[in-house]
Amino acid sequence: MHRRRVVCAAALLIVLPLIAAAQTPPVDISFTVAMPRPPTHLLEVDIAIKRAAVGPQEERLVMPVWTPGSYMVREFARHVQDFAATDAATHALKWEKTNKNTWRIVTNGAREWHARYRVYANELSVRTSELNSSHAFWNNANILLYLEGFLKSPSTVRVVAPDVWKVATGLPAVLGQKNTFRAENFDVLYDSPFEVSNFKTLIFNVKGVAHRIVIDGEGNYDPERMRRDVQKIVETQVELMGGEVPYHDYTFILHLRANAGGGLEHLNSTALGYPRFGFRIERGDRATSAAPNTTDTPQRDYRGFLALVSHEFFHLWNVKRIRPDALGPFDYTQENYTKNLWVAEGITDYYADLVLRRAGLISESEFLNATARSIQSLQNTPGRLVQSVEESSFDAWIKYYRQDENSVNSQISYYDKGAILGLLLDLKIRRRSNGAKSLDDVMRYLYAEFFKKDRNYTPQDFQKACELMAGSSLEDFFNRFVRAKEELDYNVAFEAAGLRLETNGPPSGTAAADRIFFGADLAQEEDRLMVTRVYAGSPAYEQGLNAGDQILALDNLRVTKDFFNARLAEKNPADLVNLTIFRSDDLSTLLIKLGARRDGTYRLVPLPNPTPAQKQVYRTWLGVT
Ligand SMILES: [Zn+2]
C-alpha cells in the first residue's frame with residue numbers, strides 16, 4: 001500500500017480520518033488445519049474471524065472453484081462436509097449455502113466467530129489434496145474458504161499434525177508459534193501448498209538464499225546428484241534472468257509414487273510428482289522415433305525429472321512474476337481467460353530444456369534431437385491447422401484440460417507449439433539483432449518493465465518487447481503464427497544458427513522409403529485392441545475407422561497390438577487391409593487402402609560451411625564454450 005507522507009499537524013488532522021474511512025476495517029483471519037484421523041482422509045478446518053469493532057450482520061465464505069496454474073474449474077466445494085458456524089461462546093450461528101461454493105452466515109455483528117468444516121482429501125496430484133496414514137499434502141485453494149471482500153487480507157495457518165510429522169510450505173513461519181505460518185494476502189495463501197509428513201530434505205544455497213527439496217516417498221534417485229543438479233538449474237536460471245533472487249527461500253515439494261507426474265508452480269515453491277523408479281540415468285540420446293502411427297510414450301528417466309524441475313522453477317519468473325493480463329490478482333469463482341498461455345507455458349517449456357543444455361546437464365545433440373522430435377510431433381498433429389496458439393490459450397479451460405479423441409484433430413497444445421514459437425522467436429531476434437539480443441533479453445525486459453512496476457502484460461506488450469529486441473517489426477510473424485495457424489517456417493529460423501531441419505526419410509525407391517501410412521493410435525486393453533485416436537486426413541480416417549472401435553481381426557486373423565503392428569509393417573503402400581471391428585456392439589468389416597509415409601525421422605543437421613555469425617549465434621544460444 002502506498003501511504004502519503006504527512007508533513008504538518010494541520011494536515012494530519014484532516015488526512016487521518018480520510019485514510020481511516022477509505023480502508024476496510026481490518027479483520028484477523030486465522031485458519032487451523034487439523035488431521036486427527038488421517039486414514040479417514042478428512043482434513044478438519046477451523047476459521048476464526050476476529051474484529052476490533054462490531055462486525056456486519058452477515059458474512060459470506062467462499063471456496064475457490066480452481067487453483068492458479070491449473071486452468072480448469074474443479075469445484076473444490078464438492079469435498080466440503082460437516083459445515084458449522086458459531087460465535088466466540090460456541091453458540092451456533094444460522095447459515096445457508098447461496099450457491100455451489102458460497103456459505104452465508106448470520107453473524108449478527110459478532111466481533112469473533114468461527115466456521116468449522118471437514119474436507120475430504122484423497123487425490124494426490126500437484127493441484128489437489130491427499131491425507132492418509134503416511135502423509136498430508138494440500139493446496140490451500142482446495143481447502144480454505146475466503147471471507148468475501150477480504151482477498152487482500154493477511155491470514156495465518158496453524159497446522160495440527162501427528163508429532164512424528166514435519167511441516168513444509170513456502171509461507172514464512174510465525175515466530176514463537178508452533179507450525180504456524182503467515183500469508184500476506186489470499187493470492188499468496190492460495191499459492192503456497194503444504195506437505196506434512198516424515199519427509200526427507202536436501203538443502204543448498206544460491207547467492208545466500210536457502211533452497212530445500214522436500215521428498216515424500218522412496219525412489220531410485222541419487223540424493224547428492226539431485227541436490228547438485230537442481231542447484232545448477234537454479235544458478236543457471238538466476239543468471240539468465242539477471243542475477244537477482246526474488247524470494248527469501250524456495251521449497252521444492254517432491255512426491256515419489258509409482259505413477260506420479262506433473263508439476264505446479266508457485267511464488268516461492270513448487271509441487272512435483274515423479275515416478276519413484278524414474279531416475280535411471282540413460283547414456284546418450286534417447287531413441288529418435290516419432291512415428292505418426294504410434295503413441296510415443298516419453299521415457300521416464302533422470303533427464304525427464306530435471307526438465308520438470310527446470311520448467312516449474314522457470315515459472316517463478318514466467319507467470320508468477322511476469323504475469324499475463326488475467327492471471328493475478330485472481331478471480332477464484334470462475335475461469336480467468338488469457339491468450340498468453342503459449343508464452344506462460346510454452347516459452348517456459350522452451351527454457352526448461354535450453355537451461356538444461358546451458359547448465360551442461362544435457363548435450364547439444366540431446367537438445368537438438370529433442371527439438372526435432374517436438375517439431376515432428378507438432379507436424380503430425382492435424383489440429384495445428386485448426387486452432388491458433390492464442391485460441392488454444394484462451395480455451396484451455398474447456399479444451400486443453402478436457403481432451404477427447406477428437407482433440408488431436410481440432411486442437412494444438414499451447415505448451416508444444418508455444419515452446420517451438422519461443423525457439424523461432426529467439427533465433428529470429430538473434431538474427432535481426434546480429435547476435436546482440438535474444439529472447440533472454442525479452443524475458444529480462446518483461447521482468448523489469450512489468451513485474452517490477454507491478455503491471456501485467458498483454459499480448460501486444462509481449463509482441464512489442466520482442467520487436468524492441470529484434471529492432472524491427474514482427475507483425476508478420478505474430479499475424480501468421482501466433483494469431484493465425486499457418487505452417488511454421490523452420491528453416492528460415494534455424495539458418496541463423498547454421499542449422500537445417502531435415503524431414504525426409506531415405507531416398508525414394510529404397511525399401512525403407514516405401515513405408516505405409518495407416519493413421520490411427522491403438523491401445524491393447526486386456527484382451528481387446530482398441531482404436532484410441534484417428535488422425536484427420538489419414539487413410540484410416542478417410543476410410544471410416546473411428547476412435548472407440550475395437551479391432552478383432554486383421555485379414556481374418558485375430559489380433560493383438562503386437563500382431564497388428566507386425567503384420568502392418570509387412571505391407572506396402574496401396575495394399576488393402578481387411579479389418580473386423582466391433583463399433584459399440586455391432587460387428588462389421590472395413591476395407592482400408594494403406595497410404596504412403598512421406599516424412600522420415602526429423603533431424604537438425606549443421607549447414608555446410610557456417611559463417612562466423614552463424615557459429616556465434618549457435619554458441620551463445622546453446623551455451624557452448
Ligand atoms: Zn508450466
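The values are calculated or read from the model by the stated rules, or taken from the named source; none is laboratory data. Model, not experiment: these values are computed from the prediction. Cβ atoms come from the backbone with ideal geometry, glycine included; neighbour counts cover every protein chain shown. Note: accessible area is taken over every heavy atom of the protein model, side chains too, but ligands, DNA and RNA are not part of it. Shrake-Rupley method; radii C 1.70, N 1.55, O 1.52, S 1.80 Å.
Some values worked out for this structure:
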{"item": "Single residue of SER393, SER410 found to be free of Cβ contacts under 8 Å to residues at least 40 places away in the same chain and either open to solvent by less than 10 Å² (accessible area, probe 1.4 Å) or more than 20 Å from the chain's Cα centre (by Cα) (or both)", "result": "SER410"}
{"item": "Residue match in the range 365-388 (condition: in contact (Cβ under 8 Å) with a residue 24 or more places away in the chain, open to solvent by 10 Å² or more (accessible area, probe 1.4 Å), among the β-branched types (Val, Ile, Thr) and within 24 Å of ASN142 (Cβ to Cβ))", "result": "no"}
{"item": "Candidate set from the range 397-422 (those that are part of a loop (DSSP other than H, G, I, E, B) and among the charged types (D, E, K, R)); member that is farthest from the ligand (Cβ to nearest atom)", "result": "GLU405"}
{"item": "All positions within the range 582-599 that are in a loop (DSSP other than H, G, I, E, B), open to solvent by less than 100 Å² (accessible area, probe 1.4 Å) and modelled with pLDDT under 95", "result": "ARG597"}
{"item": "Considering residues of the range 515-536 that are closer than 19 Å to GLN403 by Cβ and assigned to a loop (DSSP other than H, G, I, E, B) only, the residue least open to solvent (accessible area, probe 1.4 Å)", "result": "GLY519"}
{"item": "Total residues in the range 429-447, condition in contact (Cβ under 8 Å) with a residue 40 or more places away in the chain, under 23 Å from THR236 (Cα atoms) and open to solvent by 30 Å² or more (accessible area, probe 1.4 Å)", "result": "2"}
{"item": "Residue satisfying all of: in the range 227-244; free of Cβ contacts under 8 Å to residues at least 40 places away in the same chain and assigned to a loop (DSSP other than H, G, I, E, B); surrounded by the most Cβ atoms within 10 Å (Cβ to Cβ) among these", "result": "GLU244"}
{"item": "Test: residue in the range 305-320 that is more than 16 Å from the ligand (Cβ to nearest atom), closer than 30 Å to LYS152 by Cβ and either open to solvent by 40 Å² or more (accessible area, probe 1.4 Å) or not aliphatic (A, V, I, L, M) (or both)", "result": "no"}
{"item": "When residues of the range 61-82 are limited to those that are surrounded by fewer than 17 Cβ atoms within 10 Å (Cβ to Cβ) and more than 16 Å from the ligand (Cβ to nearest atom), the one farthest from ILE29 (Cα to Cα)", "result": "VAL73"}
{"item": "Residue count for the range 329-352, restricted to those that are part of a loop (DSSP other than H, G, I, E, B), within 16 Å of the ligand (Cβ to nearest atom) and open to solvent by 10 Å² or more (accessible area, probe 1.4 Å)", "result": "1"}
{"item": "The one condition in (1) of a type in the set (D, E, K, R); (2) open to solvent by less than 60 Å² (accessible area, probe 1.4 Å); (3) within 26 Å of GLN376 (Cα to Cα) that ARG603 fails to fulfil", "result": "(2)"}
{"item": "Tally of residues being away from the ligand (no atom under 16 Å from the Cβ) and under 14 Å from ARG127 (Cα atoms) across the range 255-265", "result": "2"}
{"item": "PRO608 under 17 Å from GLY519 (Cα atoms), out of contact with any Pro (no Cβ under 7 Å at 6 or more places or on another chain) and assigned to a loop (DSSP other than H, G, I, E, B)", "result": "no"}
{"item": "Residues satisfying the stated conditions in the range 448-462, i.e. surrounded by fewer than 20 Cβ atoms within 10 Å (Cβ to Cβ) and either assigned to a helix (DSSP H, G or I) or aliphatic (A, V, I, L, M) (or both)", "result": "ALA448, GLU449, PHE451, PRO459, GLN460, ASP461"}
{"item": "Scan of the range 115-140 for residues that are open to solvent by 10 Å² or more (accessible area, probe 1.4 Å), closer than 20 Å to PHE83 by Cα and in contact with a Pro (Cβ under 8 Å, 6 or more places away or on another chain), ordered by number", "result": "none"}
